[in-house]
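Student: To start, I am sharing the structure in question, which I have written as C-alpha coordinates.
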Amino acid sequence: MKIISWNVNGLRAVYKKGFLEWLENENANILGLQETKAEEAQLPENLRAPKGYFSYFSSSKKRKGYSGVAIYTKEKPKRVEYGMGIKKFDDEGRLLEAHFDNFILLNVYFPNGGGGTERLKYKLDFYDAFLAHIKKLRAKQQNIIFMGDVNTAHEEIDLARPKENEKNTGFLPEERAWIDEVIYHGFMDSFRHLHPNKKDTYSYWDMKTRARDRNVGWRLDYVFISAALQKYLKKAFILSEVPGSDHAPIGVLIEL
(Lines give C-alpha, C1' and ligand atoms only; values in the text may rest on other atoms or scores of the structure.)
Protein backbone atom coordinates (compact mmCIF):
# COMPACT_ATOMS: atom_id res chain seq x y z
CA MET A 1 0.00 0.00 0.00
CA LYS A 2 1.55 3.26 -1.14
CA ILE A 3 0.60 6.31 0.92
CA ILE A 4 1.71 9.79 -0.14
CA SER A 5 1.43 13.19 1.53
CA TRP A 6 1.95 16.51 -0.26
CA ASN A 7 1.56 20.15 0.68
CA VAL A 8 0.54 21.42 -2.75
CA ASN A 9 0.46 25.14 -1.83
CA GLY A 10 -2.78 25.55 -3.77
CA LEU A 11 -4.61 22.61 -5.34
CA ARG A 12 -5.97 24.66 -8.23
CA ALA A 13 -2.46 25.94 -8.97
CA VAL A 14 -0.86 22.51 -9.00
CA TYR A 15 -3.75 21.19 -11.10
CA LYS A 16 -2.59 23.49 -13.89
CA LYS A 17 0.90 22.01 -13.64
CA GLY A 18 -0.07 18.42 -14.43
CA PHE A 19 -1.27 17.21 -11.03
CA LEU A 20 -3.76 14.65 -12.35
CA GLU A 21 -1.19 13.14 -14.72
CA TRP A 22 1.22 12.87 -11.81
CA LEU A 23 -1.46 11.23 -9.66
CA GLU A 24 -2.21 8.66 -12.35
CA ASN A 25 1.46 7.83 -12.86
CA GLU A 26 2.24 7.64 -9.15
CA ASN A 27 -0.70 5.30 -8.56
CA ALA A 28 -0.87 5.88 -4.79
CA ASN A 29 -3.45 3.97 -2.79
CA ILE A 30 -3.97 7.01 -0.58
CA LEU A 31 -2.92 10.60 -1.20
CA GLY A 32 -3.26 13.28 1.46
CA LEU A 33 -2.95 16.91 0.41
CA GLN A 34 -2.37 19.96 2.58
CA GLU A 35 -2.77 23.68 1.95
CA THR A 36 -5.32 23.08 -0.80
CA LYS A 37 -6.54 26.70 -0.51
CA ALA A 38 -9.93 25.87 -2.05
CA GLU A 39 -13.43 24.76 -1.22
CA GLU A 40 -14.64 21.60 -2.92
CA ALA A 41 -17.20 23.58 -4.97
CA GLN A 42 -14.38 25.69 -6.45
CA LEU A 43 -12.65 22.67 -7.98
CA PRO A 44 -13.25 21.27 -11.48
CA GLU A 45 -15.09 17.97 -11.59
CA ASN A 46 -12.07 15.87 -12.51
CA LEU A 47 -10.22 17.27 -9.49
CA ARG A 48 -13.16 16.73 -7.15
CA ALA A 49 -13.42 13.10 -8.20
CA PRO A 50 -10.33 11.74 -10.03
CA LYS A 51 -10.92 8.44 -11.78
CA GLY A 52 -10.42 5.49 -9.44
CA TYR A 53 -10.49 7.51 -6.20
CA PHE A 54 -12.92 8.44 -3.48
CA SER A 55 -12.26 12.04 -2.42
CA TYR A 56 -12.80 14.07 0.74
CA PHE A 57 -12.16 17.77 1.36
CA SER A 58 -12.06 20.11 4.33
CA SER A 59 -11.60 23.86 3.89
CA SER A 60 -11.25 26.86 6.15
CA LYS A 61 -14.50 28.33 7.43
CA LYS A 62 -12.69 31.51 8.45
CA ARG A 63 -11.42 32.77 5.12
CA LYS A 64 -11.28 31.65 1.51
CA GLY A 65 -8.07 30.55 -0.15
CA TYR A 66 -6.47 29.54 3.15
CA SER A 67 -5.35 26.23 4.65
CA GLY A 68 -7.45 23.18 3.65
CA VAL A 69 -6.80 19.46 3.31
CA ALA A 70 -7.94 16.65 1.01
CA ILE A 71 -7.74 12.87 0.81
CA TYR A 72 -7.90 10.75 -2.34
CA THR A 73 -8.20 7.03 -1.63
CA LYS A 74 -8.80 3.96 -3.79
CA GLU A 75 -10.48 2.15 -0.91
CA LYS A 76 -13.57 3.76 0.52
CA PRO A 77 -13.18 4.44 4.26
CA LYS A 78 -15.73 3.16 6.72
CA ARG A 79 -16.14 6.76 7.82
CA VAL A 80 -14.37 10.11 7.64
CA GLU A 81 -14.15 12.66 10.45
CA TYR A 82 -13.62 16.36 9.75
CA GLY A 83 -11.43 17.73 12.52
CA MET A 84 -10.83 16.89 16.18
CA GLY A 85 -14.06 18.26 17.58
CA ILE A 86 -12.42 21.50 18.73
CA LYS A 87 -13.98 24.45 16.94
CA LYS A 88 -11.05 26.87 16.97
CA PHE A 89 -8.91 24.26 15.20
CA ASP A 90 -11.55 22.62 13.03
CA ASP A 91 -12.71 25.95 11.57
CA GLU A 92 -9.37 26.27 9.77
CA GLY A 93 -9.88 23.02 7.83
CA ARG A 94 -6.69 21.32 8.94
CA LEU A 95 -7.56 17.67 9.56
CA LEU A 96 -9.25 14.74 7.85
CA GLU A 97 -9.46 11.40 9.64
CA ALA A 98 -10.24 8.31 7.56
CA HIS A 99 -11.22 5.07 9.31
CA PHE A 100 -10.45 1.86 7.45
CA ASP A 101 -10.92 -1.77 8.53
CA ASN A 102 -7.44 -2.21 9.98
CA PHE A 103 -6.02 1.28 10.45
CA ILE A 104 -6.88 4.94 10.96
CA LEU A 105 -5.23 7.56 8.77
CA LEU A 106 -5.07 11.26 9.63
CA ASN A 107 -4.07 13.86 7.06
CA VAL A 108 -3.08 17.08 8.81
CA TYR A 109 -1.91 20.56 7.92
CA PHE A 110 -0.35 21.72 11.18
CA PRO A 111 -0.32 25.47 11.82
CA ASN A 112 2.65 27.68 11.05
CA GLY A 113 3.98 29.48 14.12
CA GLY A 114 4.91 32.67 12.29
CA GLY A 115 3.15 35.99 12.71
CA GLY A 116 3.70 36.63 16.41
CA THR A 117 3.29 35.04 19.82
CA GLU A 118 -0.47 34.50 19.44
CA ARG A 119 -0.02 32.35 16.37
CA LEU A 120 2.83 30.39 17.92
CA LYS A 121 0.59 29.64 20.90
CA TYR A 122 -2.14 28.49 18.52
CA LYS A 123 0.34 26.11 16.88
CA LEU A 124 1.53 24.67 20.19
CA ASP A 125 -2.05 24.33 21.45
CA PHE A 126 -2.95 22.50 18.25
CA TYR A 127 0.03 20.21 18.75
CA ASP A 128 -1.06 19.32 22.29
CA ALA A 129 -4.69 18.75 21.30
CA PHE A 130 -3.66 16.57 18.37
CA LEU A 131 -1.37 14.36 20.45
CA ALA A 132 -4.15 13.84 23.00
CA HIS A 133 -6.49 13.01 20.12
CA ILE A 134 -4.30 10.34 18.52
CA LYS A 135 -3.53 8.76 21.88
CA LYS A 136 -7.28 8.31 22.39
CA LEU A 137 -7.63 6.85 18.90
CA ARG A 138 -4.80 4.38 19.49
CA ALA A 139 -6.55 3.10 22.59
CA LYS A 140 -9.27 1.85 20.22
CA GLN A 141 -7.18 0.99 17.14
CA GLN A 142 -3.46 0.20 17.43
CA ASN A 143 -2.70 0.96 13.79
CA ILE A 144 -2.47 4.74 13.43
CA ILE A 145 -0.90 6.68 10.55
CA PHE A 146 -0.72 10.44 10.58
CA MET A 147 0.91 12.49 7.89
CA GLY A 148 1.23 16.01 6.63
CA ASP A 149 3.09 19.27 6.90
CA VAL A 150 4.08 19.43 10.57
CA ASN A 151 5.76 22.82 10.03
CA THR A 152 8.71 21.90 12.26
CA ALA A 153 12.10 20.38 11.51
CA HIS A 154 12.89 17.90 14.26
CA GLU A 155 16.70 17.68 14.45
CA GLU A 156 19.67 19.58 13.02
CA ILE A 157 19.94 16.96 10.27
CA ASP A 158 16.47 18.00 9.12
CA LEU A 159 17.38 21.45 7.82
CA ALA A 160 20.27 22.92 5.90
CA ARG A 161 21.05 25.79 8.29
CA PRO A 162 20.19 24.78 11.85
CA LYS A 163 22.36 27.32 13.68
CA GLU A 164 20.91 30.25 11.78
CA ASN A 165 17.35 29.11 12.57
CA GLU A 166 17.56 28.26 16.26
CA LYS A 167 15.37 31.25 17.16
CA ASN A 168 12.99 30.98 14.21
CA THR A 169 9.63 29.26 14.20
CA GLY A 170 9.85 25.85 12.65
CA PHE A 171 12.99 25.04 14.66
CA LEU A 172 12.23 26.45 18.10
CA PRO A 173 13.04 24.19 21.08
CA GLU A 174 9.38 24.01 22.15
CA GLU A 175 8.28 23.00 18.65
CA ARG A 176 10.98 20.34 18.35
CA ALA A 177 10.18 19.07 21.86
CA TRP A 178 6.66 18.23 20.71
CA ILE A 179 8.03 15.85 18.08
CA ASP A 180 10.16 14.28 20.83
CA GLU A 181 6.97 13.77 22.79
CA VAL A 182 5.18 12.21 19.82
CA ILE A 183 8.01 9.71 19.48
CA TYR A 184 8.09 9.10 23.24
CA HIS A 185 4.41 8.15 23.08
CA GLY A 186 5.09 5.43 20.52
CA PHE A 187 4.73 7.09 17.13
CA MET A 188 7.56 6.61 14.65
CA ASP A 189 8.99 9.06 12.13
CA SER A 190 8.95 6.60 9.23
CA PHE A 191 11.57 8.35 7.10
CA ARG A 192 14.09 8.82 9.89
CA HIS A 193 13.49 5.27 11.14
CA LEU A 194 14.58 3.82 7.80
CA HIS A 195 17.14 6.55 6.98
CA PRO A 196 18.60 7.55 10.36
CA ASN A 197 21.71 9.29 9.01
CA LYS A 198 20.55 10.53 5.62
CA LYS A 199 21.58 14.15 5.16
CA ASP A 200 20.63 16.89 2.70
CA THR A 201 17.16 15.40 2.21
CA TYR A 202 14.42 17.96 2.60
CA SER A 203 10.75 18.44 1.74
CA TYR A 204 10.44 22.25 1.71
CA TRP A 205 12.42 25.07 0.11
CA ASP A 206 11.79 28.82 0.14
CA MET A 207 10.65 29.87 -3.33
CA LYS A 208 11.57 33.55 -2.97
CA THR A 209 15.27 32.78 -2.60
CA ARG A 210 15.30 29.90 -5.12
CA ALA A 211 16.48 27.71 -2.27
CA ARG A 212 15.48 24.51 -4.05
CA ASP A 213 18.12 25.08 -6.71
CA ARG A 214 20.74 25.11 -3.94
CA ASN A 215 18.99 22.50 -1.76
CA VAL A 216 18.82 24.88 1.18
CA GLY A 217 15.78 23.21 2.65
CA TRP A 218 13.83 21.89 5.61
CA ARG A 219 12.23 18.51 6.29
CA LEU A 220 8.85 19.74 7.50
CA ASP A 221 6.67 16.92 6.13
CA TYR A 222 6.30 13.57 7.87
CA VAL A 223 4.52 10.24 7.90
CA PHE A 224 4.29 8.98 11.48
CA ILE A 225 3.14 5.45 12.25
CA SER A 226 2.24 3.79 15.53
CA ALA A 227 4.68 1.19 16.85
CA ALA A 228 2.31 -1.64 15.93
CA LEU A 229 2.90 -0.86 12.24
CA GLN A 230 6.71 -0.91 12.35
CA LYS A 231 7.00 -4.47 11.04
CA TYR A 232 4.86 -3.57 8.01
CA LEU A 233 6.91 -0.50 7.00
CA LYS A 234 8.92 -1.31 3.86
CA LYS A 235 9.91 2.06 2.40
CA ALA A 236 9.86 5.75 3.28
CA PHE A 237 10.72 8.33 0.65
CA ILE A 238 10.77 11.98 -0.41
CA LEU A 239 10.00 12.72 -4.07
CA SER A 240 12.23 15.78 -4.18
CA GLU A 241 12.26 16.02 -7.98
CA VAL A 242 8.49 16.52 -8.29
CA PRO A 243 7.79 20.18 -9.16
CA GLY A 244 4.68 22.29 -8.67
CA SER A 245 4.90 23.39 -5.02
CA ASP A 246 7.40 24.68 -2.50
CA HIS A 247 7.03 21.27 -0.83
CA ALA A 248 7.87 17.84 -2.23
CA PRO A 249 5.59 14.83 -1.91
CA ILE A 250 6.66 12.30 0.71
CA GLY A 251 5.41 8.83 1.41
CA VAL A 252 5.67 5.29 2.67
CA LEU A 253 5.13 1.77 1.41
CA ILE A 254 3.35 -0.35 4.02
CA GLU A 255 2.46 -4.01 3.50
CA LEU A 256 -0.52 -4.28 5.77
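The values are calculated or read from the model by the stated rules, or taken from the named source; none is laboratory data. Predicted, not measured: the structure shown is a model, and the values here were computed from it. Here the Cβ positions follow ideal geometry from the backbone for every residue, glycine too, while neighbour counts run over all protein chains shown.
Student: For L33, are the conditions met, namely being in a strand (DSSP E or B), closer than 21 Å to L220 by Cα and either touching a residue at least 60 places away in the same chain (Cβ under 8 Å) or of a type in the set (D, E, K, R) (or both)?
Tutor: Spelling it out, L33 is indeed in a strand (DSSP E or B), closer than 21 Å to L220 by Cα and either touching a residue at least 60 places away in the same chain (Cβ under 8 Å) or of a type in the set (D, E, K, R) (or both).
Student: I'm told R63 meets every condition in (1) modelled with pLDDT under 95; (2) closer than 27 Å to P173 by Cα except one. Can you identify the failing condition by its number?
Tutor: Evaluating R63 over (1) modelled with pLDDT under 95; (2) closer than 27 Å to P173 by Cα leaves (2) as the failure.
Student: Return the only residue of Y82, Y109, Y15 being modelled with pLDDT of 95 or more, farther than 30 Å from L172 by Cα and of a type in the set (S, T, Y).
Tutor: The conditions single out Y15.
Condition check ((1) of a type in the set (A, V, I, L, M, F, W, C); (2) crowded, with 21+ Cβ neighbours inside 10 Å) across all residues:
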residue: A70; (1), (2): yes, yes
residue: R119; (1), (2): no, no
residue: Y122; (1), (2): no, no
residue: F126; (1), (2): yes, yes
residue: L137; (1), (2): yes, no
residue: F146; (1), (2): yes, yes
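Student: Here is a list of conditions, (1) more than 22 Å from R214 (Cβ to Cβ); (2) touching a His at 6+ places or on another chain (Cβ under 8 Å), and A139 meets all of them except one; can you say which number that is?
Tutor: Here A139 meets the rest and fails (2).
Student: Give just the number: which of (1) assigned to a strand (DSSP E or B); (2) surrounded by 16 or more Cβ atoms within 10 Å (Cβ to Cβ) does L229 not satisfy?
Tutor: (1)
Student: A follow-up question, please. Among the residues of the stretch 15-33, is there at least one that is under 15 Å from the mean Cα position of the chain (by Cα) and over 18 Å from L253 (Cα atoms)?
Tutor: There is no residue in the stretch 15-33 that is under 15 Å from the mean Cα position of the chain (by Cα) and over 18 Å from L253 (Cα atoms).
Student: In this structure, is D158 at pLDDT 95 or above, more than 16 Å from N107 (Cα to Cα) and surrounded by fewer than 19 Cβ atoms within 10 Å (Cβ to Cβ)?
Tutor: No, not satisfied.
Student: Continuing with the same structure: How many residues are surrounded by fewer than 20 Cβ atoms within 10 Å (Cβ to Cβ), more than 18 Å from I238 (Cα to Cα) and either free of Cβ contacts under 8 Å to residues at least 12 places away in the same chain or in contact with a Ser or Thr (Cβ under 8 Å, 6 or more places away or on another chain) (or both) when one looks only at the stretch 2-12?
Tutor: Residues meeting the conditions: 1.
Student: Can you tell me which residue is surrounded by the fewest Cβ atoms within 10 Å (Cβ to Cβ) among those in the stretch 212-226 that are of a type outside the set (V, I, T) and in contact (Cβ under 8 Å) with a residue 60 or more places away in the chain?
Tutor: My answer is S226.
Student: From V252, V242, V223, which residue is part of a loop (DSSP other than H, G, I, E, B), within 16 Å of I3 (Cβ to Cβ) and under 19 Å from the mean Cα position of the chain (by Cα)?
Tutor: V242
Student: Criterion first (closer than 26 Å to T117 by Cα and surrounded by 14 or more Cβ atoms within 10 Å (Cβ to Cβ)) does S203 satisfy it?
Tutor: Criteria met by S203.
Student: Let me ask you something else. Check off (1) assigned to a loop (DSSP other than H, G, I, E, B); (2) more than 30 Å from K140 (Cβ to Cβ); (3) over 20 Å from the mean Cα position of the chain (by Cα) for G65 and give me the number that stays unchecked.
Tutor: In the conditions (1) assigned to a loop (DSSP other than H, G, I, E, B); (2) more than 30 Å from K140 (Cβ to Cβ); (3) over 20 Å from the mean Cα position of the chain (by Cα), G65 misses (3) alone.
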